[in-house]
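The values are calculated or read from the model by the stated rules, or taken from the named source; none is laboratory data. The model shown is predicted, which means the values in this text are computed figures rather than measured ones. All Cβ positions, even for glycine, are placed from backbone atoms using ideal geometry, and neighbour counts span all protein chains on display. Quick note on the areas: whole protein, heavy atoms, side chains included, nothing else; ligands and nucleic acids left out. Shrake-Rupley method; radii C 1.70, N 1.55, O 1.52, S 1.80 Å.
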Amino acid sequence: MKDKVAIVCGSSKGMGKAIAEEFVMRGAKVTICARNEEELMETLRFLTFKAVNELHDKGAPERIIAVPADVRDYSSMKRLVEETVDAFGTVHVLVNNAGGPPAGYFEDFTDEDWYNAIDLSFMSAVRMIRLVSPYMKKQKWGRIINMTSMSVKQPLDNLILSNSIRLAVVGLAKTLAGQWAKYGITINNIAPGPIKTERIEELSRAKAERENIDYETALREWIEQVPMGRFGKPEEVAKLAAFLASEDAAFITGTTIQIDGGAVKFVL
Ligand SMILES: NC(=O)c1ccc[n+]([C@@H]2O[C@H](COP(=O)([O-])OP(=O)(O)OC[C@H]3O[C@@H](n4cnc5c(N)ncnc54)[C@H](OP(=O)(O)O)[C@@H]3O)[C@@H](O)[C@H]2O)c1
């Protein structure tokens, strides 16, 4: 990925952070973003320190930037792309990622909750793709990677917002993959199973409270769905993202790749 320019959305922690780290260590120029500015700057310092120390890359401070932004807000997304292009000249790789919609059942949610989830998990991808695709089309090279969930293959019981809205991302990716292959742009979705991040801790706390069980039991219930018998690691997801972003993955487009320790039970 040397000298490729990547924007990784939702990257101050969790899988987004691990993906940004993997891209940085493979030599890419990387823009990270998140809403909480303090945590984002902490991640920027961490990534820069790592590249300088482990790669002996004195230029690392110039090839990693951080832009505080909310993927639900078009003007901050526009700024994210503009600042990336000002710093690095173009965009080659886009990772669409953010927090997930809240857990709950159909009866729990109002129209406003549904529209918020659509903004967070679907319109964010539409808007970011609209902003970066002119650069990708012009240079005839692009990689778009959408972080979705194993729920696009197998609905998760108390995650109706995620189960419903993430499928729109899959439809979007599949449609654009066919239409934009001629520009050398690939579009793929990563569908993680339970990965040990703050999101899974947050979902487990919500489940423990709702079902009146303890937090450790709620965590264990995730692992019980996974034949590998453990949570996935954000770094494992990052390796998959780096492969999809690479030249080697040029013939892979329109796919949804599970990374779930075998949790999804469907054959296809
Ligand atoms: N962990 C899992 O097991 C798992 C499995 C399947 C799918 N997923 C999905 O994969 C995605 C990433 O999960 P994760 O576990 O890595 O989450 P995480 O640890 O909670 O990290 C989420 C990251 O996104 C940022 N973010 C959240 N909302 C944002 C917004 N509106 N605009 C910009 N940045 C935002 C967060 O920072 P700020 O809060 O400061 O903005 C943080 O950096 C989520 O959509 C999640 O639902 C997770």
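Summary of computed values
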{"read-out": "P(r) weight above 17 Å for the stretch 139-268, C-alpha pairs, percent", "value": "61"}
{"read-out": "Solvent-accessible area, 1.4 Å probe, carbon plus sulfur percent, for the chain", "value": "54"}
{"read-out": "Accessible heavy-atom area order of His56, His92, highest first, probe of 1.4 Å", "value": "His56, His92"}
{"read-out": "In nm, spacing of pseudo-spin labels at Lys233 and Gln179 (7 Å Cα→C-beta vector)", "value": "4.0"}
{"read-out": "16 Å reach of a label modelled at Glu209, 7 Å along Cα-to-Cβ, counting backbone N of the stretch 1-31", "value": "none"}
{"read-out": "Rounded to the nearest 10 Å², the accessible area of Thr175 at probe 1.4 Å", "value": "80"}
{"read-out": "For q = 0.14, 0.18, 0.19 Å⁻¹, Debye-computed log10 I/I(0) when each Cα of the stretch 75-223 counts as one equal scatterer", "value": "-0.75, -1.06, -1.13"}
{"read-out": "Cα-derived Rg to Rh of the chain, Kirkwood definition", "value": "0.96"}
{"read-out": "Nearest 10 degrees, 0 to 90: helix 14-25 Cα axis against the chain principal axis", "value": "30"}
{"read-out": "Rh (Kirkwood; distinct C-alpha pairs) - the stretch 90-145, Å", "value": "12.9"}
{"read-out": "Lysines with Cα under 20 Å of Lys58, excluding same-chain neighbours fewer than 8 positions away", "value": "Lys2, Lys4, Lys29, Lys50"}
{"read-out": "Percentage relative contact order, the stretch 1-139, counting C-alpha pairs under 8 Å, at least six apart", "value": "26"}
{"read-out": "Residue order for Ile257, Ile144 - accessible surface, 1.4 angstrom probe, largest first", "value": "Ile257, Ile144"}
{"read-out": "Computed [θ] at 222 nm, helices only, for the chain once each DSSP H run of length n ≥ 4 contributes -39500 (n - 2.57)", "value": "-15000 deg cm²/dmol"}
{"read-out": "Inverse of mean 1/r across different Cα pairs in the stretch 55-134, Kirkwood, Å", "value": "14.6"}
{"read-out": "Length-normalised contact order for the stretch 87-241 - Cα pairs under 8 Å, 6+ apart - percent", "value": "24"}
{"read-out": "The chain, relative contact order [Cα under 8 Å, separation at least 6], %", "value": "20"}
{"read-out": "Hits among aspartates and glutamates - C-alpha to C-alpha of Lys13 under 19 Å, sequence gap 8 or more where chains match", "value": "Glu21, Glu22, Glu37, Glu38, Glu39, Glu42, Asp70, Glu198, Glu201, Glu202, Glu235, Glu236"}
{"read-out": "Space enclosed by the convex hull of the alpha-carbon atoms of the stretch 198-268, per residue, Å³", "value": "119"}
{"read-out": "Trp141 - accessible surface, heavy atoms, 1.4 Å probe, Å² rounded to 10", "value": "40"}
{"read-out": "P(r) tail fraction, the stretch 43-97 - alpha-carbon pairs more than 16 Å apart, %", "value": "51"}
{"read-out": "The stretch 130-181 pair-distance distribution - Cα-Cα, 5 Å bins, rounded %", "value": "4, 18, 24, 19, 13, 11, 8, 3, 0"}
{"read-out": "Surface accessible to a 1.4 Å probe, per residue, for the residues of the chain, Å²", "value": "48"}
